[in-house]
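As structure tokens, the structure follows; a few thoughts come after it.
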Amino acid sequence: MRTHLCGDLRPDQIGDTVSVCGWVGRRREHGEHLAFVDLRDHSGIVQCVINDDIDVRSEYVLRITGVVRERPEGTINDNLPTGQIEIGDCEVEILRTATPPPFPIDARADDVDENIRLQYRYLDLRRERMQKNLRIRSAVNAAVRNSMADQGFVEVETPMLVPSTPEGAREFLVPSRKEPGSFYALPQSPQLFKQLLMVGGVDRYYQIARCLRDEDLRADRQYEFMQLDMEMSFVDQDDVLEAVSASVLDAAEAVTGERPDPIERITWRDAMNRFGIDKPDLRFGMELRELTDAFASTEFKAFAGAEAIKGIKVDGGADEYGRNQLDKLTDKAKGAGAKGLVWMKAVAGDDGGVRFDSPVAKFLSDDEVAGLAAAMDAAVGDLVLIVADDWEPTCEVLGMLRNEIGRPPVHQGPYRYVWVVEFPLFVGRDKETGNPKSGHHPFTMPHPDDVDKFESDPMSVRSIAYDLVLNGWELGSGSIRIHEPELQRRVFAGLGISDEEAERKFGFFLNPFEYGAPPHGGFAFGLDRLVAILAGEDNIREVIAYPKTQSGQDPMTNSPTAGDPKAVEELGLRIIPRVD
RNA sequence: GGUCCCGUGGUGAAGUCAGGAGUUCACGCCGGCCUGUCAAGCCGGAGGUCGCGGGUUCAAAUCCCGUCGGGACCGCCA
């Protein structure tokens, strides 16, 4: 039907008779004998000069055959890639008329209520921004596939109907018709299957896998999302990190044309100490500073005896933050679990040095003030925020404040990838049993140097688990897995899981290891998140063709919908009336 | 489960704090004029249950209560 794409026409084609197909964008009519029509397809727009009085309206679908010609002197449009030429002597074929769209099919729809964009997603997708995002996504998928294939990985599909597993994210359940009362689950990840592929001798597996989790939605979370899922046999952590790095950097290069620097590494403990979070955003400073020593012998009660005292400095923030805003920051800090927040404004002292304006200044000695100014490297006009508490909450609260105050939108600025390694094996404790909980999952390899601390100090045991972080978003995580039973038993013991319980909960998964599980490890990273950041979006819905809203609905199809009573009955289900 | 923000012709906004006739602006739509525009221009016109329900009031887009929908975040996401 067509010889060229609209956006591809250039002065090279001058004199050629071409056919293009697309949608009518803007029209500029000058009476019966002259009209300019911008014809649009996914490649861009081209101006067609129509000398008939043919009636073409917004979003009509046309096939136009005409001659490419140079635009007359003074009518070149530098804002368009096709702006040097136009199509004249146009023969217009209306392939389909159209009712006017509810919103303009151009950048102005960026401001349209997202619900309306999603209701008419097929129109939204016609826009340049969405076309660009879909193509970036496709390029990332292709680059990742190429990269994995180049590295000797084998693409294997795993089932979508899987057994329900006891722990982890809430699953979507699928009722079985043949066995009423029984359910499949949709996979929250292919974890079980990929590790068994290693037992199966696949050696290097990957899959662009759809994962489903019935958890609340966010800017970076959808019910369904895509992961580059991979697993490798006979490897250590470096092998996995290198393989993942290669595919991520290949994908980034495919989109931006520039290969990022090798990805730096930081330990979990350093990340917490310096940034107060396990997914640090390295694009800006404001690092946490250590103040524990500076207040080692303080009389100030809020600081005395605290396990950790740390601060962050807001450059020039003294004037910017009034009492009102400081109160809000304090509320936020308390909301995050802090006992309180100490703020100090650096002002000029009588001796030319720095002293601090603060409600607590009077409790601090001259030595402490000097130590604080030095440790924070505070200059006149700076705002210092200090938290004193146990080590982890101190870090977390300041990390939250650091992000709150200094963090740019996720897509902005340079791309800062970072590996966070040596995550703790256990994180927190179960509210009911008091047992430690797995940081990553129960099959994660403990750090070999820490194995003897299992019983004496379990919470300090590190693991061979790692996250990949980009601009403060967790792209993904992985670990080296436990492949031999004695170590697995010790980890289960640390988690408070007995042999019987382990057999009951995880037997189906671990018993196959008895037939010879190779040492193995793997990783999975979220493609939606990577694509969103590479596309300059701060919301993964913008890079998903048909996303759901925060309440899990699709305004275009109105799903979820009530189940057909017959179908429900056939599944052996009965709907319980909702009680509020 | 919680905190905060938003909902006004097809679209985007102003109006809401401080109640007084569905008022205004831009885009779009319909009709007319117009042979070099590109956010075309000029003239005219149509189009709204101010998300929904209740309350207060002589009077509600505006105040109060509830509810629905959207968004950001906390919880949750081994």
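The values are calculated or read from the model by the stated rules, or taken from the named source; none is laboratory data. Worth saying up front: this structure is predicted, and the values here are computed from it rather than measured. Counting neighbours? That spans all protein chains shown, and the Cβs are built from the backbone with ideal geometry, glycine included. These accessible areas exclude ligands, DNA and RNA; they are computed on the full protein's heavy atoms, side chains included. Shrake-Rupley method; radii C 1.70, N 1.55, O 1.52, S 1.80 Å.
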Given the condition farther than 30 Å from A:P408 by Cα, open to solvent by less than 20 Å² (accessible area, probe 1.4 Å) and within 27 Å of the chain's Cα centre (by Cα), answer yes or no: does some residue in the stretch A:522-532 qualify? yes
Quick count over the stretch A:405-430, residues being under 25 Å from A:E307 (Cβ atoms) and within 9 Å of RNA strand B (Cβ to nearest atom), is 2
Conditions (1) in a helix (DSSP H, G or I); (2) at pLDDT 95 or above; (3) of a type outside the set (A, V, I, L, M, F, W, C) -> A:R108 fails only (2)
Count, please, the residues in the stretch A:99-125 that happen to be exposed (fewer than 15 other Cβ atoms within 10 Å of the Cβ), touching a residue at least 60 places away in the same chain (Cβ under 8 Å) and out of contact with any Pro (no Cβ under 9 Å at 6 or more places or on another chain). 1
Pairs under 7 Å by beta carbon, first residue without any contact (Cβ under 8 Å) to a residue 60 or more places away in the chain and more than 18 Å from A:T165 (Cα to Cα) in the stretch A:420-443, partner more than 8 Å from RNA strand B (Cβ to nearest atom) and assigned to a loop (DSSP other than H, G, I, E, B), six or more apart or different chains? A:R429/A:N435
Across the stretch A:157-183, what is the total count of residues that are in contact (Cβ under 8 Å) with a residue 24 or more places away in the chain, more than 12 Å from RNA strand B (Cβ to nearest atom) and either part of a loop (DSSP other than H, G, I, E, B) or open to solvent by 70 Å² or more (accessible area, probe 1.4 Å) (or both)? 11
Single residue of A:P512, A:P547 found to be modelled with pLDDT of 90 or more and over 20 Å from A:C211 (Cβ atoms): A:P512
Given the conditions (1) on the phi < 0 side of the Ramachandran plot; (2) more than 23 Å from the chain's Cα centre (by Cα), and given that A:D377 satisfies all but one, which numbered condition is not satisfied? (1)
Just the residues that are surrounded by 14 or more Cβ atoms within 10 Å (Cβ to Cβ), assigned to a loop (DSSP other than H, G, I, E, B) and small (G, A, S), please, taken from the stretch A:212-269. A:A219
Specify which of the listed residues (A:V56, A:V92) is free of Cβ contacts under 8 Å to residues at least 40 places away in the same chain, surrounded by 17 or more Cβ atoms within 10 Å (Cβ to Cβ) and within 14 Å of A:R27 (Cβ to Cβ). A:V56
Given the conditions (1) in a strand (DSSP E or B); (2) more than 11 Å from RNA strand B (Cβ to nearest atom); (3) under 13 Å from A:A493 (Cα atoms), which single one is not true for A:K437? (2)
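The rows are residues; the columns are (1) in a strand (DSSP E or B); (2) of a type in the set (S, T, Y); (3) in contact with a helix residue (DSSP H, G or I) (Cβ under 6 Å, 6 or more places away or on another chain).
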residue	(1), (2), (3)
A:M1	no, no, no
A:V37	yes, no, no
A:I54	no, no, no
A:S58	no, yes, no
A:N79	no, no, no
A:E93	yes, no, no
A:T99	no, yes, no
What are the residues in the stretch A:547-564 that are β-branched (V, I, T) and loosely packed, with under 10 Cβ neighbours inside 10 Å, if any? A:T561
Among the residues of the stretch A:292-343 satisfying the criterion of being farther than 18 Å from A:E404 by Cβ and touching a Ser or Thr at 6+ places or on another chain (Cβ under 6 Å), which is most open to solvent (accessible area, probe 1.4 Å)? A:A304
In the stretch A:272-291, which residue that is under 18 Å from A:L372 (Cα atoms) and touching a residue at least 24 places away in the same chain (Cβ under 8 Å) is most open to solvent (accessible area, probe 1.4 Å)? A:E290
Which one of A:R69, A:R28 is open to solvent by 40 Å² or more (accessible area, probe 1.4 Å) and under 45 Å from the mean Cα position of the chain (by Cα)? A:R28
Quick one: count up the residues across the stretch A:346-374 that are open to solvent by less than 40 Å² (accessible area, probe 1.4 Å) and touching an Asp or Glu at 6+ places or on another chain (Cβ under 7 Å). 2
